[in-house]
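Trainee: I'd like to ask you about the structure that follows.
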Amino acid sequence: MTTTNTESTGLPSSRTVAVLGAAGGVGRQVVHQLLQRGDTVRALVRREEQADALDALGAVTVLGDLTGDWERVLEGADAVVWAAGAGAGGQFAQVDGEALKRVADRLAQGGPTRLIVVSSMGVDRPEQMPPFLTAVLKVKAQSDAHVQASGLAYTIVRPGGLTNDAGTGQVTVGLPVAGGMVPREDVAAAVLAALDDDGTVGRVFEMVSGETPVTQAVSGL
């Protein structure tokens, strides 16, 4: 488990959270769950139709692109959730790699210091993962390391295989954990649990479906 000694994040009980990658599978779940509990969400999206869908939920949408202009989404934010990813078949070097590094650098220069990153299981052992994931996992390893060296109050969540199944609310977390699957809904719940728990600052953990309630599992790291 990776840890750092970091001061309490001191986030307000009701906060404004900037979500990067808000239109993706995990990102949409994060937005939905944050709004359900009364937080304000500033959601970065690339297309008008994505904005319309998230506006309907109650998010404040900001049109932008992580490879270009995106910084307006930070206005008034208390914390940032990175849920973006190009996938193994996309522009992962630009998005999962360089864009995340730029976000961390921007926050370190003067922005919200609390950053939750949704990464991927196997970042630290790509040779053990399916071969088609090797290249993207190596890129994620570099950007995760950049976040860890940034001085930010980070937490890095590394889920196993993602599904669109309904969340069970039960997970296994640790570093490492045995490979497995996990619903995107449960990953989002773990992101919120980490956001609420100062004990997760400086932590990196993997997660799959399991038998421990999400909040209990995260708080027990």
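The values are calculated or read from the model by the stated rules, or taken from the named source; none is laboratory data. In this text, all values refer to a predicted model and were calculated from it rather than measured experimentally. Note that we place each Cβ from the backbone using ideal geometry, even for glycine, and neighbour counts take in every protein chain shown. Quick note on the areas: whole protein, heavy atoms, side chains included, nothing else; ligands and nucleic acids left out. Shrake-Rupley method; radii C 1.70, N 1.55, O 1.52, S 1.80 Å.
Trainee: Looking at segment 9-39, which of the residues that are open to solvent by 80 Å² or more (accessible area, probe 1.4 Å) and within 18 Å of ASP196 (Cα to Cα) is modelled with the lowest pLDDT?
Mentor: SER13
Trainee: Let me ask you something else. Looking for something buried (at least 17 other Cβ atoms within 10 Å of the Cβ) and not in a helix (DSSP H, G or I) - is there at least one such residue anywhere in segment 126-148?
Mentor: Looking for residues that are buried (at least 17 other Cβ atoms within 10 Å of the Cβ) and not in a helix (DSSP H, G or I), one finds none in segment 126-148, hence no.
Trainee: Output yes when any residue across segment 207-219 is within 13 Å of GLY122 (Cβ to Cβ) and either hydrophobic (A, V, I, L, M, F, W, C) or touching a residue at least 60 places away in the same chain (Cβ under 8 Å) (or both), and no when none is. Steps first, answer last, please.
Mentor: Our first condition is that a residue be within 13 Å of GLY122 (Cβ to Cβ); within segment 207-219, this holds for 207-208.
With the extra rule that they be either hydrophobic (A, V, I, L, M, F, W, C) or touching a residue at least 60 places away in the same chain (Cβ under 8 Å) (or both), the set shrinks to 207-208.
Yes - at least one qualifying residue is present in segment 207-219.
Trainee: Just one of (1) more than 16 Å from VAL26 (Cβ to Cβ); (2) in contact with a Pro (Cβ under 6 Å, 6 or more places away or on another chain); (3) surrounded by 20 or more Cβ atoms within 10 Å (Cβ to Cβ); (4) not β-branched (Val, Ile, Thr) trips up LEU107, so point out which.
Mentor: Every condition holds for LEU107 apart from (2).
Trainee: Condition first: of a type in the set (Asp, Glu) and within 19 Å of the chain's Cα centre (by Cα). Now tell me which residues in segment 43-88 satisfy that.
Mentor: Listed by number, the residues that qualify are ASP65, GLU71, GLU75, ASP78.
Trainee: What's the number of the only condition in (1) open to solvent by 10 Å² or more (accessible area, probe 1.4 Å); (2) over 21 Å from LEU34 (Cα atoms); (3) part of a strand (DSSP E or B) that GLU206 fails to meet?
Mentor: Against the list (1) open to solvent by 10 Å² or more (accessible area, probe 1.4 Å); (2) over 21 Å from LEU34 (Cα atoms); (3) part of a strand (DSSP E or B), GLU206 comes up short only on (1).
Trainee: Read through the list (1) closer than 27 Å to GLY199 by Cβ; (2) touching a strand residue (DSSP E or B) at 6+ places or on another chain (Cβ under 9 Å), then give the number of the only condition that ASP165 fails.
Mentor: It fails just one condition, (1).
Trainee: Within segment 84-104, can you find the residues that are open to solvent by 20 Å² or more (accessible area, probe 1.4 Å) and modelled with pLDDT under 95?
Mentor: GLY85, ALA86, GLY87, ALA88, GLY89, GLY90, GLN91, PHE92, ALA93, GLN94, VAL95
Trainee: Continuing with this model, one more query. Within segment 12-111, which helices (runs of 4 or more DSSP H) (wholly inside it) include 3 or more residues that are farther than 30 Å from THR134 by Cα?
Mentor: Numbers: elements: 25-36, 48-57, 100-110.
Answer list for segment 12-111: 25-36, 48-57.
Trainee: Kindly indicate which of THR215, THR168 is part of a loop (DSSP other than H, G, I, E, B) and surrounded by fewer than 24 Cβ atoms within 10 Å (Cβ to Cβ).
Mentor: THR168
Trainee: So the check is Cβ under 9 Å with 6+ separation or different chains; which pairs have a first residue in segment 160-183 that's under 21 Å from LEU137 (Cα atoms) and a second one that's open to solvent by 70 Å² or more (accessible area, probe 1.4 Å) and part of a strand (DSSP E or B)?
Mentor: Within 9 Å, the pairs are GLY160/MET181; GLY161/MET181; LEU162/MET181; THR163/MET181.
Trainee: In this structure, does ALA189 turn out to be touching a residue at least 24 places away in the same chain (Cβ under 8 Å), open to solvent by 40 Å² or more (accessible area, probe 1.4 Å) and not hydroxyl-bearing (Ser, Thr, Tyr)? Please lay out each step first, then the result.
Mentor: Details: touching a residue at least 24 places away in the same chain (Cβ under 8 Å): yes; open to solvent by 40 Å² or more (accessible area, probe 1.4 Å): no; not hydroxyl-bearing (Ser, Thr, Tyr): yes.
Judged against the criteria, ALA189 is not a match.
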